[in-house]
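Working notes for the structure below.
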2 protein chains.
Amino acid sequence: SHELIQRNWSTFLLVTVGVIAGLLSSSMDIAIFQLGVARGKFMHLVDNPFGQWCLWWIYLLIVLWSGIFFTSILAPQAGGSGIPEMKSIISGIHLKYVLGYRALVVKTFGITLALGSGMILGKEGPFVHLCCIMANCLIRTPLFRHIRKNDFLLQIMLGAACAVGVASHFGAPVGGVLFSIEVTSTYYPTRNYWYAYLGAVTGATVWRYVWNSYFTHPGFTSIVTTHFVPERSRFGLVELCIFALLGFTCGCLGVTFVKLNALGFRTWRRIMQNSKWFRSPYLLAFVFGTITCIITYPKLLGSFMALSPAAALSDLANAETWSETSLKSKEWLNRNIFANLFFFALSRFILIPLSILIPIPCGLFVPSLSLGASVGRMFGEISALLLDNTALLFENNPIIPGVYAICGAAAMTASITHTLSTAVIVFEITGNNSHIIPLLITVLVGVATARKISSLGMYESLSKLK
Amino acid sequence: SHELIQRNWSTFLLVTVGVIAGLLSSSMDIAIFQLGVARGKFMHLVDNPFGQWCLWWIYLLIVLWSGIFFTSILAPQAGGSGIPEMKSIISGIHLKYVLGYRALVVKTFGITLALGSGMILGKEGPFVHLCCIMANCLIRTPLFRHIRKNDFLLQIMLGAACAVGVASHFGAPVGGVLFSIEVTSTYYPTRNYWYAYLGAVTGATVWRYVWNSYFTHPGFTSIVTTHFVPERSRFGLVELCIFALLGFTCGCLGVTFVKLNALGFRTWRRIMQNSKWFRSPYLLAFVFGTITCIITYPKLLGSFMALSPAAALSDLANAETWSETSLKSKEWLNRNIFANLFFFALSRFILIPLSILIPIPCGLFVPSLSLGASVGRMFGEISALLLDNTALLFENNPIIPGVYAICGAAAMTASITHTLSTAVIVFEITGNNSHIIPLLITVLVGVATARKISSLGMYESLSKLK
């Protein structure tokens, strides 16, 4: 009977967390979108290109600095990804200070400001953390007194809240459940599974409904519409080898990415220790903000450089050869497409691992998806150039570069984070599942390569550095 | 170093199991298909309808009896589903006799004969068991001596082999991994996750390649092509309520299904104990074989009654309203579609739980999917009749009865087996993922209902009865 009461309250708790997380996540997405729109309007207050750049730059700095200010005065420990902290907490280490109300507020507004500024940052890591804080704060209220005293149940609820976080960030419930398993370090209590599933489905449903109502049409459809035609998505053995090669490349790049982040972190810490003048986080934000503004300025290399990670992913994953379709940035097609993809990939490869050093709540999941998508798209476009209309492909099925982009995206992020659930998350956010086998193989090869080269994924590396 | 050797050998083992399982599963599918074709040819040796029925009936009895004979002389313990046994073994109970070479042979040929006879049975449960036997037998060979002595590793390998079994039966790797988590009773070692994923992807890739090459075109596409149009698959809140109602109905039916099976089992055991004459398994097979032959005879109620579970699922999940599309059985459209669906559902609801009592390796997963699909399709057709062109649906998006069929299929099987991973398996075998939210919600409601009414799923019920 006591157990039944606990079970009912746990169910109620996770549905509550799911509903709040879904609403919060979609509200934050809308706020971030509106901040981006405001930035575009602000920039067009003047007419000459240099003036426009300055406004574009000033807007970024003001929003980003206010985020840092907000974080530093309320809860400095709430900066960064949050997933390393969650891993520690779920494996039983008490880090109570990262689960308080202050962190809740800072995370919510910090992520919104960090992403709204136009920096190439993500929301996933901090949002997962945010959901755990939410679950923890709810359990502390008198309403949930029945489940408060049970430490084991608290762990289960926090694990399930991780699943809710992922699910209501991407609308990817199954990926969320798998992610919550991977976050758990050694033994996963199978009781979690039901709770994680319940919360994840609730969160994903609410998020998809609000998100779709605001951005597209009401309904629960997937986020990245890939327009793959199932009948044409047939992959032969030759293509599988290319996918494996793509996985290997992403694995190597992923390890380099983590090492670049660690190098940046150490360099920054050395500067902090040795210099009185350069230790301010505002200065760090100024440096990377300015670099970001120069590189991503739409009128420099092309409007595609300014795309948000999610928009870039959607463009890159577009199934058809680009000339035929409508893109968020038409300038992908200007000049040389390979050069465009290369510059995009290079800029993201340098910007993302360094931007996440800024002490503001921020993640790297979706940004690294967009990085991987550009690498994958390059593979796809080159393969299409070399192999289309040759006997190496089955039944003259043309190569679909969008599938390579999706596989590259998943493999890159999976190699960086050492998590296999990335494959499922990416699979769920695309509107089609004919590409599941290439996707899983690319991710498998990527993660195997990354683990072989280095035992530290991004989250372990960040934990160790801190 | 020792651990590294073990890790490499484990990896090698699972890739081997994956490749063999993929090849074996597809070979069995082809053999079952050919046995069905042979049955059709055999039946048409005579011209008059009654003679045809007799041949149709004799063929079933001969093939089924030979399967039972084969099972009873070689390894009687290999009959039935196998998943209850696997659950016991993975939770640490030694049932060594169910993992030997004899069981391997009996399972392989037993399933093929059971399904090839034309009985409404499935291959999933025994095939999962088969993969575990395969892993166990491989570990016992001198090649894998490095990992043999480690009992903990053996458990992990068997758990991963379950994932391989599911993956190479449906070509559903993610569902396989989740299933292997659900089979584990209390704590899932997260090390399993990597191995399960590896084996599952290998198995699914090989299976999909061979299966597609034989039945459709070379490639790795999904099995049930649903032809949903993502742009039209938008579900509003009203539809979600109908999905929840469908889940509730499937939950209730699922519990009844399990109880019907238990009732049949107890009745049969009482007959066995009290009577000298009626205790033969051949008699049991004769009774259910004859009933099956009468009910599923294509010229009685319609050719749809004779469809194999997988073919029926594919027909029922067809997105469009049926008049427009090509079906495996055109006679769904004869007379009243609701009557046809009702007779199909009723026949499956009675046949499946009783047929699995026959002591031959057989499962119920895909058959109960087809049962659920007919219930779901009925919901979908009725909703379309009542709601289409009303203001209750968003933006005049028509109701897609195929989506209801898929959700019903998943919810029914999930309610019968008490496993949430069914949702993911069904999701993966369909060629589209715009329906994931309704699917997960239907399954969630179904499983919650079933668990609320009865604590015993099919596997627990079978374990307890034995």
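Work out how far the C-alpha atoms of the protein assembly as shown reach from end to end along every principal axis, then list the three figures in whole Å, largest first.
In descending order, the Cα extents are 97, 55, 54 Å.
Could you give P(r) for the stretch A:7-67, binned at 10 Å from zero, as whole percent values over all Cα-Cα pairs?
Binned Cα distances yield the sequence 20, 30, 20, 14, 10, 4, 1.
What's the exposure ranking of B:210, A:46, going from fewest to most Cβ atoms within 10 Å?
The order, fewest Cβ neighbours first, is A:46, B:210.
Putting +1 on Lys and Arg Cβ atoms and -1 on Asp and Glu Cβ atoms, find which of A:337, A:70, B:373 reaches farthest to the positive end of the dipole of the protein assembly as shown.
So the residue we want is A:70.
In the protein assembly as shown, what percentage of the DSSP-assigned beta bridges are antiparallel, given to the nearest 5? Mind showing how you got there, number by number?
Details: 6 of 10 bridges.
Of those bridges, close to 60 percent are antiparallel.
Where does each of B:73, B:400 land when they are ranked from fewest to most other beta-carbon atoms within 10 angstrom? Could you put the intermediate results ahead of the total?
Numbers: B:73 10, B:400 28.
Neighbour counts put them in this order, fewest first: B:73, B:400.
Hey, could you pull the Cα Rg and Dmax for the stretch A:134-265, both in Å?
For the stretch A:134-265, the Cα-based Rg and Dmax read 19.7, 61 Å.
Assuming a ≥ b ≥ c are the square roots of the Cα gyration tensor eigenvalues, decide whether the stretch A:410-466 counts as rounded (a/c under 1.5), prolate (otherwise, with a/b larger than b/c) or oblate.
Values: a/c = 4.61, a/b = 1.93, b/c = 2.39.
Judged from the Cα gyration tensor, the stretch A:410-466 comes out oblate (a/c at least 1.5, b/c at or above a/b).
Roughly how many nanometres apart are two label points built 7 Å out from the Cα toward the Cβ at residue B:11 and residue B:338?
It works out to 5.9 nm between the two label points.
For a quick check: sort A:415, B:347, A:355 by the number of other beta carbons within 10 angstrom, fewest at the front. List each step's numbers first, then the result.
Numbers: A:415 36, B:347 20, A:355 27.
So the ranking, lowest neighbour count to highest, is B:347, A:355, A:415.
Per-residue mean of other chain beta-carbon atoms within 10 angstrom of the beta-carbon, peptide B:111-121?
0
Could you check the spin-label model distance between residue B:105 and residue B:54? Points 7 Å from the Cα along Cα→Cβ, value in nm.
Taking the simple label geometry, residue B:105 and residue B:54 are separated by 3.6 nm.
Which of the three applies to the stretch A:237-465, rounded, prolate or oblate, going by the alpha-carbon gyration tensor with a ≥ b ≥ c and a/c under 1.5 meaning rounded? Don't skip to the answer; put the middle values down first.
On the way: a/c = 2.46, a/b = 1.51, b/c = 1.63.
Verdict is oblate for the stretch A:237-465.
Can you figure out the FRET efficiency of residue B:3 with residue A:269, using R₀ = 22 Å and their beta-carbon distance, to the nearest 0.05? Kindly include the intermediate steps, with their values, before the conclusion.
Details: r = 33 Å, r/R0 = 1.52.
The computed FRET efficiency comes out at 0.10.
To one decimal in nm, how far is residue A:50 from the same spot in the other copies, if labels go 7 Å from Cα toward Cβ? Please give the shortest first.
10.3
Evaluate chain A: find the radius of gyration of its Cα atoms, find its Kirkwood radius, and give the ratio Rg to Rh.
Values: Rg = 21.7 Å, Rh = 22.4 Å.
My calculation puts Rg/Rh at 0.97.
When the expected Rg is taken as 2.2 N^0.38 Å, what fraction or multiple of it is the alpha-carbon Rg of the stretch B:49-111? Mind dumping the intermediate values first?
Numbers: Rg = 15.8 Å, N = 63, 2.2 N^0.38 = 10.6 Å.
Expressed relative to 2.2 N^0.38 Å, the Cα Rg reads 1.49.
Whats the longest run of chain B with zero chymotrypsin sites (Phe, Trp or Tyr not before Pro) that are DSSP loop and have at most 13 other Cβ atoms within 10 Å? Display every interim value, and only then the final one.
Working: sites that count: B:277, B:278.
Answer from the scan: B:1-276.
Would you mind giving the mean number of other chain beta-carbons within 10 Å of the Cβ of each residue in A:437-444, as a whole number? Walk me through the numbers on the way to the answer.
Working: counts 11, 2, 1, 10, 6, 0, 2, 8.
Rounded to a whole number, the mean comes out at 5.
To the nearest 0.05, what FRET efficiency results for residue B:149 and residue B:190 with a Förster distance of 30 Å applied to their C-beta separation?
The calculated FRET efficiency here is 0.85.
222 nm [θ] for chain A, helices only, -39500 (n - 2.57) per DSSP H run of 4+, per residue, to 500?
Numbers: 18 runs with 324 residues, N = 466.
Value at 222 nm, helices only, nearest 500: -23500 deg cm²/dmol.
Please report the projected area of the stretch A:2-215's Cα convex hull averaged over all directions, in nm².
On the way: hull surface 49.1 nm².
Over all viewing directions, the stretch A:2-215 projects a mean Cα-hull area of 12.3 nm².
For a quick check: with amide H placed at 1.01 Å from N, whose amide H comes under 5 Å from residue A:188's, ignoring anything fewer than 5 positions away on the same chain?
Amide H neighbours of residue A:188: B:188, B:190.
Can you list the distances in nanometres, one decimal and ascending, from the residue B:189 label point to the identical position in each other copy, with the point 7 Å along Cα to Cβ?
Ordered by distance, the counterparts are at 2.1 nm.
From the label point of residue B:74, set 7 Å from Cα along Cα→Cβ, how far away are the matching label points in the other copies, in nm, ordered shortest to longest?
6.8
So which trypsin sites (Lys or Arg not before Pro) in the stretch A:78-174 pass both tests, a DSSP loop state and at most 16 other Cβ atoms within 10 Å of the Cβ? Each step should come with its number before you reach the end.
Details: sites: A:87, A:96, A:102, A:107, A:123, A:140, A:145, A:148, A:149; in loops: A:123, A:149.
Qualifying residues, ordered by number: A:149.
Each value in this text was obtained by applying a stated rule to the coordinates, not by laboratory testing. Keep in mind the model is a prediction, meaning the values are calculated, not measured. Ideal geometry is used to build each Cβ from the backbone, glycine not excepted, and the neighbour counts take in all protein chains shown.
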